[in-house]
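Only one structure is covered here, and it is reproduced in the block below.
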Amino acid sequence: MAKPRPRLEKPTLDEYLDKVTLTEQATQHVLKPWAGVGLGILFLVVSMIFAAAYVSEQPGYLIIIAAAAVAGYMAMNIGANDVTNNVGAAVGSKAISMTMALVIAAIFEIAGAVFAGGRVVSTIEAGIVDAAQMPTGLSFVWVMMAALISAAVWINIATWSSAPISTTHSIVGSILGSGVAAAGISAVHWVSLAGITASWMVSPILGGGIAALLLAFIKTFIIYREDKVDAAIFWTPILIATMTGSFATYFAVIGLEKVVTISLTNGILIGLAVTAATVLACRPWIVRQAQGLDNRNQSLRKLFRMPLILSAALLSFAHGANDVSNAVGPLSGIVANVNGLAILQTTHVPLWVMLIGAFGISCGLLLFGPKLIHVVGEEITRLNPMRAFCVALATAITVILATTLGLPVSTTHTAVGAVFGIGFFREWYTRNSRRRLEYVRRKTGHADFERYVEHSPEELHRRRLVRRSHFMTIVGAWVITVPVSALLSAAVYCVLAALFI
């Protein structure tokens, strides 16, 4: 005879509450991505209302309001994909937390876009295609609208795929594609485009080279000195001063040009004065930070934490000044054309247009940025605070130089190029440093370690400090961005032209 089934005990209140908590956590995990989407849509609605408050009395205001929403969408995608390069190295080196990095980047992105964003906006707005060669008055409007839509969609796809592509490549390729579809190849400013393209090729090499030189300097004069801490006390204030002095020159000449005109010579003198003042101010602080530190590499990380935070802030400011153009340049062109203004290199960019781009970039960073921050900061090569400082400072110097010249360089190319430069330099240094070879000889027991490495594929692979799969994937994404965005933009323009022209 079968035994009767035991009677189930009634669940206790604690067990019931545990189930409710587990269900709530699962629901939050599922709804979290959708919360970002909802907040993003809310920002687009606010952008449209904001634009309507300024243009409701102007002709073609409905087109401008729609363009403001698309520009806001583009700006959020820039924040999600491109701004991650500014703070990825700092987060990857564990110098600052993700939350702190997001806050710093958001604040300085807005400041850079508002104070110094107008110069490169003019290049995107009028330096790629000639509005005068468009077949009708509204053709240029729809060229820019198609460029915004296609570039934003392509960047969104790349962000979803965890690929840090160039938003500058995307918008320039999109304007090129829709411009050719509207008026043929004769409408393209090929000389200006050639300069932009050259800057794309130079920027990652320049960023990587500067980063490698900075790391070589730090290794030679700080890390491999007999007394590391004393060397750091002497050189760290100078490195910080170099960064702040460069920023002061840039801000004086470019950042304040809407308020007061300062010549390059006077800007350099201001930068030198700030450099000297920074050395005097930082040295006592560095001395206090170094008290009680052991004479080892691990101690140096504490001394480089604050310089890394400052360099990330500087890079965010420079990025806001340069890459806000990718979102608001086409919008500014639409506003000018709808109002019947001439599209010139000196076209005034309305403040409300700049604000949509600035806050859109910060919104996209806060909502969707952490995903690619991990890719740039942790998955290409291993970073510590010293290497991350080199990446951030090299990228900032390159982007500041490009913005001064009015060139819309790719911040992604520059920052990722700097990370690769650090990684490849470390590979070279590891293989050629006598100090390192002597250490590995003792550790492995191989008297002729160079010959051992040369004939050992496993050792060669182990000593690769840059992940080749990421290198090829990122370079591949860079290569296809311009043609893909151009073809997509041409198709979008054809659809818009058939509907509205």
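Structure above, values below:
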item	result
Selection count, the range 66-78, where residues are closer than 13 Å to Val141 by Cβ and open to solvent by 10 Å² or more (accessible area, probe 1.4 Å)	2
Matching residues, the range 240-263, being assigned to a helix (DSSP H, G or I) and farther than 13 Å from Phe115 by Cβ	Ile240, Ala241, Thr242, Met243, Thr244, Gly245, Ser246, Ala248, Thr249
Thr395 being assigned to a loop (DSSP other than H, G, I, E, B), at pLDDT below 85 and not basic (Lys, Arg)	no
Residues satisfying the stated conditions in the range 162-201, i.e. open to solvent by 40 Å² or more (accessible area, probe 1.4 Å), touching a residue at least 60 places away in the same chain (Cβ under 8 Å) and β-branched (Val, Ile, Thr)	Val180
Flag for Thr249 being in contact with a Gly (Cβ under 7 Å, 6 or more places away or on another chain) and crowded, with 22+ Cβ neighbours inside 10 Å	yes
Any chance Gly329 is closer than 16 Å to Ile124 by Cα, part of a helix (DSSP H, G or I), touching a residue at least 24 places away in the same chain (Cβ under 8 Å) and in contact with a Gly (Cβ under 6 Å, 6 or more places away or on another chain)	no
Qualifying residue in the range 297-309 (condition: closer than 18 Å to Leu393 by Cα and in a loop (DSSP other than H, G, I, E, B))	yes
Selection from the range 39-62 of residues that are open to solvent by less than 40 Å² (accessible area, probe 1.4 Å) and assigned to a helix (DSSP H, G or I)	Gly40, Phe43, Leu44, Ser47, Ala51, Ala52, Val55
Test: residue in the range 430-452 that is at pLDDT 80 or above, of a type in the set (Phe, Trp, Tyr) and either open to solvent by 20 Å² or more (accessible area, probe 1.4 Å) or outside any loop (DSSP other than H, G, I, E, B) (or both)	no
Candidate set from the range 86-112 (those that are among the polar types (S, T, N, Q) and assigned to a loop (DSSP other than H, G, I, E, B)); member that is surrounded by the fewest Cβ atoms within 10 Å (Cβ to Cβ)	Ser97
Among (1) surrounded by 24 or more Cβ atoms within 10 Å (Cβ to Cβ); (2) not aliphatic (A, V, I, L, M); (3) not in a helix (DSSP H, G or I) - the single one Pro135 does not satisfy	(1)
Residue satisfying all of: in the range 352-374; modelled with pLDDT under 85 and open to solvent by 20 Å² or more (accessible area, probe 1.4 Å); farthest from Leu42 (Cα to Cα) among these	His374
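So that you can scan it fast, the table gives a plain yes or no per residue for (1) out of contact with any Leu (no Cβ under 9 Å at 6 or more places or on another chain); (2) over 21 Å from Met100 (Cβ atoms):
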site	(1), (2)
Ala276	yes, yes
Asp294	yes, yes
Arg301	yes, no
Ile309	yes, no
Leu314	no, no
Asn326	yes, yes
Pro330	no, yes
Ala358	yes, no
Cys363	no, no
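Per-residue answers, yes or no, for (1) at pLDDT 90 or above; (2) aromatic (Phe, Trp, Tyr):
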{"site": "Ala181", "(1), (2)": "yes, no"}
{"site": "Trp190", "(1), (2)": "no, yes"}
{"site": "Trp200", "(1), (2)": "no, yes"}
{"site": "Gly207", "(1), (2)": "no, no"}
{"site": "Gly245", "(1), (2)": "no, no"}
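The values are calculated or read from the model by the stated rules, or taken from the named source; none is laboratory data. Nothing here was measured: the structure is a model prediction, and the numbers come from that model. Note that each Cβ is placed from the backbone with ideal geometry, even for glycine, and that neighbours are counted across all protein chains shown. Remember, those area values only see protein heavy atoms, side chains included, never the ligands or the DNA or RNA. Shrake-Rupley method; radii C 1.70, N 1.55, O 1.52, S 1.80 Å.
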